[in-house]
1. Go through 44, 69, 13, 81 for me and flag whichever is modelled with pLDDT of 95 or more and in contact with a Phe, Trp or Tyr (Cβ under 7 Å, 6 or more places away or on another chain).
2. So, of the residues in region 100-138 that are basic (Lys, Arg) and either in a helix (DSSP H, G or I) or farther than 19 Å from residue 85 by Cα (or both), which turns out to be most open to solvent (accessible area, probe 1.4 Å)?
3. Taking region 12-53 only, how many residues are polar (S, T, N, Q), in contact with a helix residue (DSSP H, G or I) (Cβ under 8 Å, 6 or more places away or on another chain) and either part of a helix (DSSP H, G or I) or crowded, with 20+ Cβ neighbours inside 10 Å (or both)?
4. Can you work out which of the residues in region 82-105 that are out of contact with any helix residue (DSSP H, G or I) (no Cβ under 8 Å at 6 or more places or on another chain) and aliphatic (A, V, I, L, M) is nearest to residue 149 (Cα to Cα)?
5. Looking only at region 162-202, which residues are touching a residue at least 24 places away in the same chain (Cβ under 8 Å), open to solvent by 50 Å² or more (accessible area, probe 1.4 Å), not polar (S, T, N, Q) and not in a helix (DSSP H, G or I)?
6. Hey, does region 49-57 have a residue that's of a type in the set (Val, Ile, Thr) and at pLDDT 95 or above?
7. Being in contact with an Asp or Glu (Cβ under 8 Å, 6 or more places away or on another chain) and either within 18 Å of residue 82 (Cα to Cα) or of a type in the set (Val, Ile, Thr) (or both) is true for just one of 182, 141. Which residue is that?
8. Filter region 21-40 down to the residues that are over 20 Å from residue 59 (Cα atoms) and in contact (Cβ under 8 Å) with a residue 40 or more places away in the chain and list them by number.
Amino acid sequence: MAQSIEKLYRFGLKLFVEPDCTLNSADCIPIFHRWIQTQALDLLLIDVADYTHLSSGPSVLLVAHEGNLAIDTAEGRAGLLCTSKQPQTGSFAERLASVAKNLIKAARLLEDDITFEGRLRFTSTEFQFHANDRLLAPPGTESVSSLTPALQKLMSIGYPGEAHQIEINPHSQNRLRIQLTTSQSISLDSLFERFDQNSRKP
């Protein structure tokens, strides 16, 4: 199982909106179009898909070559989901950290967008990991055990020296989801800086 995890490239990370904030998915449609025009992220941004008519799951999708960004409302919790969908170089832990960096950068851009007038905030104390390959990472504790070293590495980059928890999500029957939590709340700017510095290490 551990060796197969290294082959996993279809996965994602989600950051949640703070409980006292609201996020209207439709507001992100023109923002995402603007990001395509300005190539605001270190991804090849292609198109925007509107699924706001759906009651749960990805409601607005920003399609990129390497993966996608989505405003996601699964489980009744709004957030920003960044997924990988293409094979990339590097170890799984390195690719996971790269997705985290892209996710945090996008979340910062949304928080700072004039559309939300400073009212949008993402929590920095929780990530949700999604495995989108049931063959390489089926739901269950065995997959969690195989993924744990890379997930621990991820948390050590973002929260060095801080305690954290890695727990299987109770809604993981159809797709493996893992909750990554810590009690240390830091700014997304600081969190991004840590992942950015890590990506520059030789």
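The values are calculated or read from the model by the stated rules, or taken from the named source; none is laboratory data. Bear in mind that the values here come from a model prediction, so they are computed numbers and not experimental data. When we count neighbours, we look across all protein chains shown, and the Cβ atoms used for this are built from the backbone with ideal geometry, even at glycine. Heavy atoms of the whole protein, side chains included, go into the accessibility calculation; ligands, DNA and RNA do not. Shrake-Rupley method; radii C 1.70, N 1.55, O 1.52, S 1.80 Å.
1. Numbers: 44 fails: in contact with a Phe, Trp or Tyr (Cβ under 7 Å, 6 or more places away or on another chain); 69 fails: in contact with a Phe, Trp or Tyr (Cβ under 7 Å, 6 or more places away or on another chain); 81 fails: in contact with a Phe, Trp or Tyr (Cβ under 7 Å, 6 or more places away or on another chain).
None of the others qualify; the one that does is 13.
2. Kept after step one, since they are basic (Lys, Arg), are these residues of region 100-138: 101, 105, 108, 119, 121, 134.
Checking the rest, the ones that are also either in a helix (DSSP H, G or I) or farther than 19 Å from residue 85 by Cα (or both) come to 101, 105, 108, 119, 121.
Working: 101: 37, 105: 46, 108: 63, 119: 140, 121: 96 Å².
That would be 119.
3. Filtering region 12-53 down to residues polar (S, T, N, Q) leaves 22, 24-25, 37-39, 52.
Narrowing the set further to residues that are in contact with a helix residue (DSSP H, G or I) (Cβ under 8 Å, 6 or more places away or on another chain) leaves 52.
Subset that is either part of a helix (DSSP H, G or I) or crowded, with 20+ Cβ neighbours inside 10 Å (or both): none.
The qualifying residues number 0.
4. Here the answer is 99.
5. Our first condition is that a residue be touching a residue at least 24 places away in the same chain (Cβ under 8 Å); within region 162-202, this holds for 168-169, 171-189, 191-192, 194-196, 198-199.
Pick out the ones that are also open to solvent by 50 Å² or more (accessible area, probe 1.4 Å) and you get 168, 171, 173-175, 183, 185, 187, 189, 194, 199.
Narrowing further to those that are not polar (S, T, N, Q): 168, 171, 175, 189, 194.
Of everything in region 162-202, those that are touching a residue at least 24 places away in the same chain (Cβ under 8 Å), open to solvent by 50 Å² or more (accessible area, probe 1.4 Å), not polar (S, T, N, Q) and not in a helix (DSSP H, G or I) turn out to be 168, 171, 175.
6. Going through region 49-57, the residues of a type in the set (Val, Ile, Thr) turn out to be 52.
After this cut, where a residue has to be at pLDDT 95 or above as well, the list is none.
Scanning region 49-57 turns up no residue that is of a type in the set (Val, Ile, Thr) and at pLDDT 95 or above.
7. On the way: 141 fails: in contact with an Asp or Glu (Cβ under 8 Å, 6 or more places away or on another chain).
Going through 182, 141 in turn, the sole match is 182.
8. If we filter region 21-40 for residues that are over 20 Å from residue 59 (Cα atoms), which is where we start, we get 37-40.
If the condition is that a residue be over 20 Å from residue 59 (Cα atoms) and in contact (Cβ under 8 Å) with a residue 40 or more places away in the chain, then 40 is the only one that fits.
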